[in-house]
Amino acid sequence: MRARWHILVVDDEEAMTESLAAWLREDGYTVDTASSGREAIEKARAREYAIYFLDLKMPGLDGIETMMEIRKLHKDASVIIITAYATVDTAIAAMKEGAQEYVVKPCHPQEISLLVERIIRVKNLERENAILRRKLTRQYRFHDIVSKNARMVEIFELVKDVASQRSTVLVQGESGTGKELVARAIHFSGDRGD
Amino acid sequence: MLVVAPFGPAPGKVLSAVEEALADAFRLPVRLRDPLEEPARAFTPARGQWSSTAFLEALVGRVPPGAARLLGVTERDLFVPVLSFVYGQAQLGGQVAVVSLARLRPEFHGLPPAPAALARRAATEAVHEVGHTFGLVHCLDRRCPMSLSIDLADLDGKTATPCPACGALLEGSREMQRTRARTEGARP
C-alpha cells in the first residue's frame, strides 16, 4: 500500500512544492514538504523518507548540499533532484554526488509517477529480500544446531574455522547425520551467506 | 448533489455525458448550472497555459448550498507548476475539481474532430477528478477511471465506472455516507 511510503518534497517555491505534493498524494503516497534545505534536514532527522525530491537551486543549502547532509543521516536515501535549470554539468554533478534521478520541471505527469513507482518497487524488493535473508540466516546458523556431545562441539569449532575460509568444502557423512544442516551452517556463518 | 459548471461555453453533448457519468459512478443527483466566468488571472503568459489551481480557487467560493461537490469544465489547457500539463485537478478530499477539454480534443493532437470521443473522455476524467474529492487516489486497474492517464490511449482504455475496489472504498467512506445522508435528507 502506497500510503506507508513517505516522501519529502523540498522547494523554496511554495507553488512548486504544493503542486508536486498534491500530485504524489493523488498517487496515494504520504507526503511532507519543506521550503529549505535546513528544514528538510530537520525533517530527515525525525524520520527516514522513502524518496526525497530536492530542488536544485535554493537559498542557503542547495539541493546537492542538502542531499549530502541527508545521506549522512540515511546512507541509502533515494534522492531525486528537480530543477528548471537543466544543464549537462548540473545533471552530472547531481548524479556523481549520488542523486538517483534528475528531473527537469515542468515535466510530463507520467515521468514523476513512473519514476516514483520504480523506486518504490525496488525498495519493496529490497525490504522483502532483507526479511527473507534474516529468516534464512536464522534458520541455518550453526548456533541453532543444538548439541552437548563432545564430537559435535568439535564439529561446531571446525564449522567456525571453515566458514571464514574461501576454500571449497566437502561435507561427508552417512545419510541422516545432518550434512545439509552443517553445509548451510558453514554457508550462512561466513561471507558466503552474503 | 453534484453540480457541474462550465467556464464559458462548452459543448452540450459533453456536459450531458459528464452529468450521466457522474450520476452513474457516484449514484448522486447531478445538476448542471449556468456558465461561470473564467478566472482571467489564471492565464500564465510565460507558459501559454492556464493555472489549474487558479480555477480551483475560483470554484471554492461558489459551491452552491446543499451541493456536495462542484466540478468546473473548461476548454483551457491547464497546468500545475511542476508538470507540463494536467487533464484536470481536484482538491483531494475537498469539494471542488476542474476538468480541461483542451487535450481531450483530437484536434489538439492534430487529428480530426471526434465529438463522441471527446464526450467519452470528458466523462471519464470528470469521474476521475470527482473521485479524488471523495478521497480516492490513483488506481492500478488500468480500466478504472481512477487510474492515471498518461496519454489518450490510456484515457480511451478506461471506463467511467469505478472498479470494484474503488467502488467499495467510495461507498465505505464516511464522506460518501455523509453525502448520501444529506442528499436523502434534502429529498421532499
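General remarks:
- Verdict on A:Asp76 being of a type outside the set (Val, Ile, Thr), out of contact with any helix residue (DSSP H, G or I) (no Cβ under 8 Å at 6 or more places or on another chain) and under 23 Å from A:Lys43 (Cα atoms): yes
- Check on A:Ala15, assigned to a helix (DSSP H, G or I) and more than 11 Å from chain B (Cβ to nearest Cβ): no
- Residues in the stretch B:19-47 that are surrounded by 13 or more Cβ atoms within 10 Å (Cβ to Cβ), within 14 Å of chain A (Cβ to nearest Cβ) and not β-branched (Val, Ile, Thr): B:Ala42, B:Arg47.
- Subset of the stretch B:1-44 [farther than 20 Å from B:Leu136 by Cα, assigned to a helix (DSSP H, G or I), free of Cβ contacts under 8 Å to residues at least 40 places away in the same chain and not aliphatic (A, V, I, L, M)]: B:Gly12, B:Arg41
- With respect to (1) within 25 Å of B:Pro106 (Cα to Cα); (2) more than 13 Å from chain A (Cβ to nearest Cβ); (3) surrounded by fewer than 22 Cβ atoms within 10 Å (Cβ to Cβ), the lone exception for B:Leu170 is condition (1).
- Residue that is nearest to B:Phe7 (Cα to Cα) [pool: residues in the stretch B:48-63 that are within 13 Å of chain A (Cβ to nearest Cβ) and in a strand (DSSP E or B)]: B:Ser51
- Scanning the stretch A:78-103 for residues that are surrounded by 15 or more Cβ atoms within 10 Å (Cβ to Cβ) and within 14 Å of another protein chain (Cβ to nearest Cβ) yields a count of 5.
- Residue match in the stretch B:136-158 (condition: of a type in the set (Lys, Arg) and under 22 Å from B:Gly66 (Cα atoms)): no
- Residue match in the stretch B:54-65 (condition: closer than 30 Å to B:Ala168 by Cβ, touching a Ser or Thr at 6+ places or on another chain (Cβ under 7 Å) and modelled with pLDDT under 95): no
- Hey, B:Asp156 of a type in the set (Asp, Glu), without any contact (Cβ under 8 Å) to a residue 40 or more places away in the chain and within 13 Å of chain A (Cβ to nearest Cβ) or not: no
- If you go through the stretch A:23-53 and keep only what is in a helix (DSSP H, G or I), within 12 Å of chain B (Cβ to nearest Cβ) and acidic (Asp, Glu), you end up with just A:Glu26.
- Any hit, the stretch A:108-120, residues being within 14 Å of another protein chain (Cβ to nearest Cβ) and in contact with a His (Cβ under 8 Å, 6 or more places away or on another chain): yes
The values are calculated or read from the model by the stated rules, or taken from the named source; none is laboratory data. Note that the structure is a prediction, hence the values are computed from the model and not measured. As a convention, Cβ positions derive from the backbone with ideal geometry for all residues, glycine included, and neighbour counts pool all protein chains shown.
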